[in-house]
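Peer 1: Take this structure first; my questions come after.
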Amino acid sequence: MATGDKCYNLNQSLNSTQALLPLNSQKTTEKIEKELTQFLGSFTSKNTQENYARSLRGFFQFCNKKGEMILSASCIERFHVDAWKRELIQVSPPQTAANKLSALLSFLKFAHLSAWTLKDVGASVRLPRLQTGKGKTEALSEIELTRILKSLSTSFKLAIDPMGNPKHKKAWLRYVTFITLCSIGMRATELVSLKIRDLDLSGQHPRLHLKLKGGMLHAPLISLELANILKLYLVTLRFAANENDPLFALTPYSNKPLSREYLARLVKGIAKENGVSKEISPHSCRATVASLLHKENVPIGEIQELLGHRSIITTMSYIRKIEEESQSAARKNPIFKLMEG
C-alpha cells in the first residue's frame with residue numbers, strides 16, 4: 001500500500017481520525033482496508049476508533065515483519081493470533097497486552113459476523129491474565145465503603161441548616177455526590193455534566209440520563225433510595241435553579257457545575273478522613289460499583305451496560321468474571337444496605 005492515497009481514504013471515511021496512520025507495507029491490500037474501515041466505522045466513539053486502529057496496525061506490522069501476507073480478514077489464522085499474543089505478553093504489561101489483543105479479537109468476531117470468514121478464529125483465544133491490584137484505579141473495600149457511608153450519612157442527618165450553615169451545606173453536597181458516584185458508577189465528567197433535567201422521575205422507575213465518552217447517551221435506572229435523596233437535595237439546595245442548570249453546584253443559586261478537580265479533591269478528602277490510606281479518586285467509586293455488583297453475582301453484561309463500557313474487556317479488568325443476562329444492574333446495587341445496622 002502506498003503511504004499516501006489509500007491511507008487518506010481510510011482517514012477520510014472515519015472523520016480524518018489521526019490514529020489511522022499507514023500500515024507501512026506494500027502487502028496490505030484495498031480489501032483489508034475496506035474491512036478495517038467498516039469495522040472501525042461501527043464504533044461511534046472516536047477514542048475507540050483510534051485505540052483499535054492503533055492496536056490493529058500493530059498486529060499487521062507484526063505479521064509483515066514475520067513475512068506473513070494478510071490480504072483480507074480471511075487470511076488471518078489462529079497461529080497469527082497466538083504468535084502476536086506471545087509477542088505482546090513479552091513486551092507489554094498484561095493490561096496493555098489484553099487491550100491490544102481484544103481489538104484484534106473484536107475485529108475477527110466482526111469479520112465472521114459479516115461473513116468475511118468461515119469461522120471466528122479468535123473465539124477461543126484467552127486474554128492474558130490480569131494482575132489483581134496492579135491497575136491505576138483502586139477500588140474501596142466493602143469495609144472501607146461502609147465506614148465512609150456511615151460517616152457521610154451521619155454528617156448529612158446532623159446538617160439541619162444547609163441553607164444557613166456553610167458546613168451543613170458542604171455535608172449535604174459531599175454525601176449526595178459521593179452516594180451518586182457509588183450508586184451509578186459514573187465517570188467524574190458524567191457527574192459534573194448532569195443537568196437537573198437529567199433526573200427523570202416521569203416513568204415507573206427513576207433514571208438518570210448520562211452522556212458517555214464519545215457522545216453516546218445512557219439512561220440507567222436508579223434505586224428509589226437514590227432518587228429520594230436527589231429529590232430532597234433539589235428542593236433544599238437547588239430550588240432556585242432551572243432544568244437546564246447543573247444538578248450539582250456549590251451554591252443554590254449557581255449555574256456553574258462542579259469542576260472535575262473539585263470532585264477529585266472531595267472524594268480524596270472523604271477517603272482520607274475515614275482512614276483510607278490508598279490513593280482514591282472518583283474513578284475508584286466506579287471500580288467499587290463493579291466490585292460490589294460482582295460480589296452480588298450480577299452478570300458481567302449488566303455491569304458493562306451500567307458502566308457504559310463499549311468493550312466487555314474493560315469491565316473484566318474490574319471484576320475478572322464473565323456471565324450474561326439483561327436487567328438493570330443499578331437497582332441491584334447493595335450500597336444502601338451497607339448503611340443499615
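Residues are listed down the side, and each one gets a yes or a no for (1) in a loop (DSSP other than H, G, I, E, B); (2) in contact (Cβ under 8 Å) with a residue 24 or more places away in the chain; (3) surrounded by 15 or more Cβ atoms within 10 Å (Cβ to Cβ):
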{"position": "230", "(1), (2), (3)": "no, yes, yes"}
{"position": "236", "(1), (2), (3)": "no, yes, no"}
{"position": "239", "(1), (2), (3)": "yes, no, no"}
{"position": "244", "(1), (2), (3)": "yes, yes, no"}
{"position": "264", "(1), (2), (3)": "no, yes, yes"}
{"position": "269", "(1), (2), (3)": "no, no, no"}
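Peer 1: Mind listing whichever residues of region 216-228 are closer than 13 Å to residue 184 by Cα and either touching a residue at least 40 places away in the same chain (Cβ under 8 Å) or surrounded by 15 or more Cβ atoms within 10 Å (Cβ to Cβ) (or both)?
Peer 2: The answer is 218, 220, 221, 222, 223, 225, 226, 227.
Peer 1: Turning to a different aspect of this structure: For region 132-151, which positions are in a loop (DSSP other than H, G, I, E, B) and either in contact with a helix residue (DSSP H, G or I) (Cβ under 6 Å, 6 or more places away or on another chain) or modelled with pLDDT of 80 or more (or both)?
Peer 2: Those that are in a loop (DSSP other than H, G, I, E, B) and either in contact with a helix residue (DSSP H, G or I) (Cβ under 6 Å, 6 or more places away or on another chain) or modelled with pLDDT of 80 or more (or both): 137, 138, 139, 140, 141.
Peer 1: Then there's this: Scan region 36-54 for residues that are surrounded by fewer than 16 Cβ atoms within 10 Å (Cβ to Cβ) and under 19 Å from the mean Cα position of the chain (by Cα) and report the count.
Peer 2: The number of residues fulfilling the criteria is 4.
Peer 1: Output yes when any residue across region 194-205 is modelled with pLDDT of 95 or more, in a loop (DSSP other than H, G, I, E, B), in the same structural domain as residue 177 (by TED's automatic domain parsing) and not basic (Lys, Arg), and no when none is.
Peer 2: Checked region 194-205: at least one residue is modelled with pLDDT of 95 or more, in a loop (DSSP other than H, G, I, E, B), in the same structural domain as residue 177 (by TED's automatic domain parsing) and not basic (Lys, Arg).
Peer 1: Can you find a residue in region 208-215 that is closer than 19 Å to residue 303 by Cβ, surrounded by fewer than 19 Cβ atoms within 10 Å (Cβ to Cβ) and not small (Gly, Ala, Ser)?
Peer 2: Yes, region 208-215 contains a residue that is closer than 19 Å to residue 303 by Cβ, surrounded by fewer than 19 Cβ atoms within 10 Å (Cβ to Cβ) and not small (Gly, Ala, Ser).
Peer 1: Ok, one more. Run down 88, 113 and say which single residue is modelled with pLDDT under 95, of a type in the set (A, V, I, L, M) and under 24 Å from the mean Cα position of the chain (by Cα).
Peer 2: Of the residues listed, the single one that is modelled with pLDDT under 95, of a type in the set (A, V, I, L, M) and under 24 Å from the mean Cα position of the chain (by Cα) is 88.
Peer 1: Is there any pair with a first residue in region 101-124 that is over 15 Å from residue 38 (Cβ atoms) and not assigned by TED's automatic domain parsing to the domain that holds residue 63 and a second that is among the hydrophobic types (A, V, I, L, M, F, W, C) and crowded, with 16+ Cβ neighbours inside 10 Å whose Cβ atoms are under 6 Å apart and which are 6 or more apart or on different chains, and what are they?
Peer 2: Filtered contacts from region 101-124: 120/108; 121/108; 122/81; 122/105; 122/108.
This table checks each residue for (1) modelled with pLDDT of 90 or more; (2) outside the structural domain of residue 209 (by TED's automatic domain parsing); (3) not hydroxyl-bearing (Ser, Thr, Tyr).
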position: 269; (1), (2), (3): yes, no, yes
position: 274; (1), (2), (3): yes, no, yes
position: 278; (1), (2), (3): no, no, yes
position: 301; (1), (2), (3): no, no, yes
position: 304; (1), (2), (3): no, no, yes
position: 316; (1), (2), (3): no, no, yes
position: 321; (1), (2), (3): no, no, yes
position: 326; (1), (2), (3): no, no, no
position: 335; (1), (2), (3): no, no, yes
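Peer 1: Could I ask something else about it? Among what's in region 271-317 and is outside any helix (DSSP H, G or I) and under 16 Å from the mean Cα position of the chain (by Cα), pick the residue that is surrounded by the most Cβ atoms within 10 Å (Cβ to Cβ).
Peer 2: 308
Peer 1: Looking only at region 66-100, count how many residues are in contact (Cβ under 8 Å) with a residue 12 or more places away in the chain and loosely packed, with under 14 Cβ neighbours inside 10 Å.
Peer 2: Qualifying residue count for the region: 5.
The values are calculated or read from the model by the stated rules, or taken from the named source; none is laboratory data. If you're wondering where the values come from, they're calculated on a predicted model, not measured in any experiment. All Cβ positions, glycine included, derive from the backbone under ideal geometry; neighbour counts span all protein chains shown.
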